[in-house]
Amino acid sequence: MPDFFLLTVHQDTEIPVDEMLRAAHRFGYKGIGICSEHAEPSHEPDIYRGVEIRTDSVSELRRKLRRYWSEVPLLVVRGGDEKLNMAAVKDYRVDVLTNPCGEDWRVELKPQMLEFAARNGIAIEFNLSGIIGSRRGERAHILRQMHESLKQMRRYGVMPLLATDVRSIYDLRAPREMIAIAALYGMEREEAIRALSEIPAGILTRRWKRGMEVERL
Amino acid sequence: MMREKRRYILFEVISEVKVDKRRLQNAIWDSFYSLYGDTGASRSRLWLVCYDSGIGLLKCSHRMVEEVRAALACIHSINGMRVAIRVIRVSGTIRGALKGYSGVLPRNISR
């Protein structure tokens, strides 16, 4: 099995970050990406500190991207509406777009947006917490949306990233279990392995950004 | 009639407070029914062989291991308490599944 990485672990975890890393190792992950509001230094080799940008304003998004791009190895943008999703995927400095379908899973991924995401090497997160934490009609709706999103992403060659909303050790799921959950909405085993290993590893080393002109401040 | 192959899944329950076997069993069945329905549950031949001190052993059809994994991963709380279930090992025999854990579970199972 390859090395697995769990990016987009939240900063406000209930236990210290080094304990969270130990728990993640036990679950089978090589490293974790911790996302906070501001850039913070990392002292552990398997902890990658990133910044998660949460905003409703496109101008603030651009300002924060300019500010943090050269400081952290991981830049995550929390999407949610079409305008913000589009602004995020148009900027090659973004590594991951999370929550693109919004809290209620009603926003659809537009073809133009996916073209930009593929061109700029931006991964789109599939947050499995939606499936884990819901039941019946709500879960069926989320699975349908994820299935549709996956089909569109395959068509345009956008990289998927698998994650859960990790705030405590009870939110952790092992890679094999994540792969089994991803199969519920049609993700192939090889695709899911790549979404937990090669894609996050490439994000952390900026492999997907090679050949792009990088603006450094 | 040929006997269907089975798999034994050794798992660990990580929980805020101790979870009893009956509640865990209900949570596993509930999660499996919710994801795969009655037909899926009948095909799975799922059975909780034993559970003690946070470590349990499930038996299921060899064709349904991934479905059982998904059902276990979808359990996030039992009786209002947060839990996470981690699969330790999958094996075709009880002996193989319990390698290194035989002392944890009842003697009649670990033999």
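Side notes on the structure shown:
- No other residue among B:Ala73, B:Ala41 is more than 23 Å from B:Thr93 (Cβ to Cβ) and modelled with pLDDT under 95 apart from B:Ala41.
- Looking across A:Val166, A:Val107, one residue alone is at pLDDT below 95, touching a Gly at 6+ places or on another chain (Cβ under 8 Å) and surrounded by 15 or more Cβ atoms within 10 Å (Cβ to Cβ). It is A:Val107.
- Considering the conditions (1) among the basic types (Lys, Arg); (2) in contact (Cβ under 8 Å) with a residue 40 or more places away in the chain; (3) surrounded by 15 or more Cβ atoms within 10 Å (Cβ to Cβ), A:Lys64 is excluded by exactly one of them, (2).
- Counting only helices (runs of 4 or more DSSP H) that sit completely within region A:94-167, those holding 3 or more residues that are within 14 Å of chain B (Cβ to nearest Cβ) correspond to A:129-132, A:136-156.
- Out of B:Gly56, B:Gly37, B:Gly100, sole residue that is small (Gly, Ala, Ser), within 14 Å of another protein chain (Cβ to nearest Cβ) and under 30 Å from A:Val166 (Cβ atoms): B:Gly37
- Single condition A:Ile181 does not satisfy, out of (1) over 15 Å from the mean Cα position of the chain (by Cα); (2) surrounded by fewer than 22 Cβ atoms within 10 Å (Cβ to Cβ); (3) not small (Gly, Ala, Ser): (2)
- So A:Ser197, is it polar (S, T, N, Q) and at the interface with another protein chain (Cβ under 9 Å from one of its Cβ atoms): no
- The numbered conditions (1) surrounded by 15 or more Cβ atoms within 10 Å (Cβ to Cβ); (2) touching a residue at least 60 places away in the same chain (Cβ under 8 Å) are all true for A:Met1 except (1).
- Those residues of region A:25-52 which are open to solvent by 40 Å² or more (accessible area, probe 1.4 Å), over 17 Å from the mean Cα position of the chain (by Cα) and charged (D, E, K, R), in sequence order: A:Arg26, A:Glu40, A:Glu44
- Among the residues making up region A:160-192, those that are aliphatic (A, V, I, L, M) and closer than 14 Å to A:Leu7 by Cα are A:Leu161, A:Leu162, A:Ala163, A:Val166, A:Leu172, A:Ala174, A:Met178.
- The set of residues in region B:59-72 that are within 17 Å of B:Asp30 (Cβ to Cβ) and either within 9 Å of chain A (Cβ to nearest Cβ) or of a type in the set (Lys, Arg) (or both) comprises B:Glu67, B:Val68, B:Arg69, B:Ala70, B:Ala71, B:Leu72.
- Selection within region A:172-193 - in contact (Cβ under 8 Å) with a residue 12 or more places away in the chain and either more than 22 Å from B:Glu67 (Cβ to Cβ) or in a loop (DSSP other than H, G, I, E, B) (or both): A:Leu172, A:Arg173, A:Ala174, A:Gly186, A:Met187
For every residue, the table says whether it meets (1) under 22 Å from A:Phe126 (Cβ atoms); (2) out of contact with any Leu (no Cβ under 6 Å at 6 or more places or on another chain); (3) among the charged types (D, E, K, R).
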position: A:Pro41; (1), (2), (3): no, yes, no
position: A:Gly50; (1), (2), (3): yes, no, no
position: A:Lys64; (1), (2), (3): no, yes, yes
position: A:Trp69; (1), (2), (3): no, yes, no
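- The strands (runs of 3 or more DSSP E) found wholly in chain B and carrying at least 3 residues that are open to solvent by 10 Å² or more (accessible area, probe 1.4 Å) occupy B:6-15, B:47-52, B:81-91.
The values are calculated or read from the model by the stated rules, or taken from the named source; none is laboratory data. Note that the structure is predicted; figures quoted are calculated from it, not measured. Positions of Cβ are backbone-derived with ideal geometry, glycine not excepted, and every protein chain shown enters the neighbour counts. To get the accessible areas, we keep the full protein, side chains included, count just its heavy atoms, and leave off ligands, DNA and RNA. Shrake-Rupley method; radii C 1.70, N 1.55, O 1.52, S 1.80 Å.
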